[in-house]
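**Q** Sharing a structure, written as C-alpha cells. Questions coming.
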Amino acid sequence: MKKNQIFSENLLNWYQKFGRKDLPWRKQISAYRVWLSEIMLQQTQVTTVLPYFEKFIKKFPTVTDLATADLDEILTLWAGLGYYARARNLHKCAQMISAELNGKFPQTIEELIKLPGVGLSTAGAMMSIAFKTPAPILDGNVKRILARQFCIPGYPGNAKTAKQFWQASESLLPKKQANDFTQAMMDLGALVCTKSKPKCEICPVNTNCQAFATHSISNYPEKKPKKILLTHEKLFLIVRCKQKILVEKRPAEGIWGSLFSLPEAPINTDVKLWCLQKFNIVPKYIEKLTSFKHSFTHFHLILDPILIEFAHLPKQLMQSNLSWQAINDLDKIGLPTPIKNILKQLKR
Ligand code: SF4
C-alpha cells in the first residue's frame, strides 16, 4: 500500500473512534450549515464558535432567512466573535445566493470562490463535506500537520510556501470518504497534532511523520516573522444622559465596520470644548475611567474612556450616525467587545 493510502486509512480509522462527530455542524449536514460553520471557524476556536453557530441556526435556519435579515441584526448576533468583515460578507454572500442562485450554493470550487468571504480552503471544505467531492483544504490545523508530516520549511502563511502546502494537502486526499477525511484532518490538528506538546505517541499517522522520525517537531511549522506593531491611543467618549448613552454607527468599511461604537476623539482633546462644539452643552460631570489596551492584527489600540454626564439631552444631533441608546438595551445592538468592556465600568 502506498504511504499516502496508509495515512488516510489510519486517519479515517482514528476518526471513527475519536472524531468530534457530535459537533452541531456535523449533524444534519447541508451546504448552508457547513458554510456557516467554516466562516465562523476562521481564526476562531471551536468552543468559541459553538454558541454562535446555535444562535445563528436558530434565528436563520436557511440561507434565505439570513439573506433577508437586517445587517444590524446579524452584527448584533455576531458581536464578540471578532473579524467583523466575516459577518458583513456572510450577509452579502447569503443575499447573492438567494437572489442570483435560487437559494442554492454552487457545487464547484471555481464558483464557490466567487462568493464573498469564501476562499479556497472554505470552498474545499464545502466540496468535501457538503457535496462529498474530494477537494483539499488548508486551514491552520491542516497546515501544521502538513508542515510536520513533510518537514515543509517556511512560514505557512507566506505566499511563497502556499503552493507546496496545497500540493501536500492534495497528495493525502483520498478519492473516497473525502467528507470524513477532511473532518478527521481538522480534528487531528485540534486534538493530537496541537501547536504545543503534540501527542505524537498516540498519533494515528506517526509512522508517516517526517518531523517525528527526525525529532524535529519543534521546527515545524516555522513561526510567523515578527512584525513591530504601532500603538495608537484615542479617547472614547461615553456621553450619558437620563440613562441613555450616545452611540455612533461606524462606516461599513474598516475596523468594527457597521457596528455601533462610542464617539472617538484624539487624546489631547479638550472634552468640555468638544461638548460645546458638538452639542452646545456644558457637561455637568466629567470623569476619566480606566484605560486599557486592545490588539488588532495590524496595530495596538489604547482606549482612554471618558465619562461625560449631560443634565439634559441636546436638542438635536449634528451627525446622522449618532443616536441615543438606553443603557439597559445596549445588548440589543452590535457593539465590539472592547467597547462592551468600557461600558462595563459604568455598572460598577
Ligand atoms: Fe503531529 Fe506528532 Fe502526529 Fe507528526 S506524529 S502528525 S507531529 S502529532
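The values are calculated or read from the model by the stated rules, or taken from the named source; none is laboratory data. Here the structure is a predicted model, which is why all the values come from computation and not from measurement. We place every Cβ from the backbone using ideal geometry, glycine too, and count neighbours over all the protein chains shown.
**Q** Select from the range 1-35 the residues that are surrounded by 15 or more Cβ atoms within 10 Å (Cβ to Cβ) and of a type in the set (Lys, Arg) and write down the one among them that is farthest from the chain's Cα centre (by Cα).
**A** The qualifying residue farthest from the chain's Cα centre (by Cα) is 26.
**Q** Let me ask you something else. If you go through the range 141-150 one residue at a time, do you hit one that is assigned to a loop (DSSP other than H, G, I, E, B) and either crowded, with 22+ Cβ neighbours inside 10 Å or within 16 Å of the ligand (Cβ to nearest atom) (or both)?
**A** Yes.
**Q** Residue pairs, Cβ under 8 Å, 6 or more apart or interchain, first in the range 327-339 and part of a loop (DSSP other than H, G, I, E, B), second of a type in the set (S, T, N, Q). List them.
**A** 333/76; 333/325; 334/76; 334/258; 335/261; 336/261
**Q** Let me ask another. If I filter the range 107-140 down to residues being in contact (Cβ under 8 Å) with a residue 60 or more places away in the chain and within 16 Å of the ligand (Cβ to nearest atom), which single residue comes out as surrounded by the most Cβ atoms within 10 Å (Cβ to Cβ)?
**A** 139
**Q** Can you list residue pairs whose Cβ atoms sit under 8 Å apart, with the first residue in the range 143-155 being under 16 Å from residue 170 (Cα atoms) and the second being away from the ligand (no atom under 12 Å from the Cβ) and of a type in the set (Ser, Thr, Tyr)? Count only pairs 6 or more apart in sequence or on different chains.
**A** 146/169; 152/161
**Q** Test residue 28 against the criterion of being in a helix (DSSP H, G or I), modelled with pLDDT under 95 and either under 25 Å from residue 177 (Cβ atoms) or of a type in the set (Asp, Glu) (or both), and give yes or no.
**A** no
**Q** Just to be sure I understand, how many residues within the range 271-321 are in a strand (DSSP E or B) and within 20 Å of residue 242 (Cα to Cα)?
**A** Qualifying residue count for the region: 9.
**Q** Here's a follow-up. Applying the selection to the range 64-105, what residues are over 28 Å from residue 333 (Cα atoms) and not in a loop (DSSP other than H, G, I, E, B)?
**A** Listed by number, the list holds a single entry, 100.
**Q** Could you check how many residues of the range 70-111 are over 25 Å from residue 254 (Cα atoms) and of a type outside the set (Lys, Arg)?
**A** Residues meeting the conditions: 13.
**Q** Among what's in the range 170-187 and is in contact (Cβ under 8 Å) with a residue 40 or more places away in the chain and farther than 21 Å from residue 20 by Cα, pick the residue that is farthest from the ligand (Cβ to nearest atom).
**A** Looking at residues that are in contact (Cβ under 8 Å) with a residue 40 or more places away in the chain and farther than 21 Å from residue 20 by Cα, I get 175.
**Q** Could you list all residues from the range 106-128 that are in a loop (DSSP other than H, G, I, E, B) and either at positive phi or within 21 Å of the chain's Cα centre (by Cα) (or both)?
**A** 113, 114, 115, 116, 117, 118, 119, listed by residue number.
**Q** Starting from residues that are under 25 Å from residue 42 (Cβ atoms) and of a type in the set (A, V, I, L, M, F, W, C), keep the ones in the range 188-200 and report whichever is farthest from the ligand (Cβ to nearest atom).
**A** Among residues in the range 188-200 that are under 25 Å from residue 42 (Cβ atoms) and of a type in the set (A, V, I, L, M, F, W, C), the one farthest from the ligand (Cβ to nearest atom) is 190.
**Q** Is it true that some residue in the range 201-221 is more than 10 Å from the ligand (Cβ to nearest atom), surrounded by 13 or more Cβ atoms within 10 Å (Cβ to Cβ) and either within 17 Å of residue 10 (Cα to Cα) or not aliphatic (A, V, I, L, M) (or both)?
**A** Yes, some residue in the range 201-221 is more than 10 Å from the ligand (Cβ to nearest atom), surrounded by 13 or more Cβ atoms within 10 Å (Cβ to Cβ) and either within 17 Å of residue 10 (Cα to Cα) or not aliphatic (A, V, I, L, M) (or both).
**Q** Based on this model, can you work out whether residue 194 counts as hydroxyl-bearing (Ser, Thr, Tyr) and surrounded by 16 or more Cβ atoms within 10 Å (Cβ to Cβ)?
**A** Spelling it out, it is not the case that residue 194 is hydroxyl-bearing (Ser, Thr, Tyr) and surrounded by 16 or more Cβ atoms within 10 Å (Cβ to Cβ).
**Q** Look at residue 253 and say whether it is part of a loop (DSSP other than H, G, I, E, B), acidic (Asp, Glu) and more than 16 Å from the ligand (Cβ to nearest atom).
**A** yes
Matching residues to (1) of a type in the set (A, V, I, L, M, F, W, C); (2) touching an Asp or Glu at 6+ places or on another chain (Cβ under 9 Å):
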site	(1), (2)
193	yes, no
202	yes, no
217	yes, no
232	no, no
261	no, yes
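**Q** Let me ask something additional. In the range 195-215, which residues are without any contact (Cβ under 8 Å) to a residue 24 or more places away in the chain and outside any helix (DSSP H, G or I)?
**A** 196, 197, 199, 203, 215, listed by residue number.
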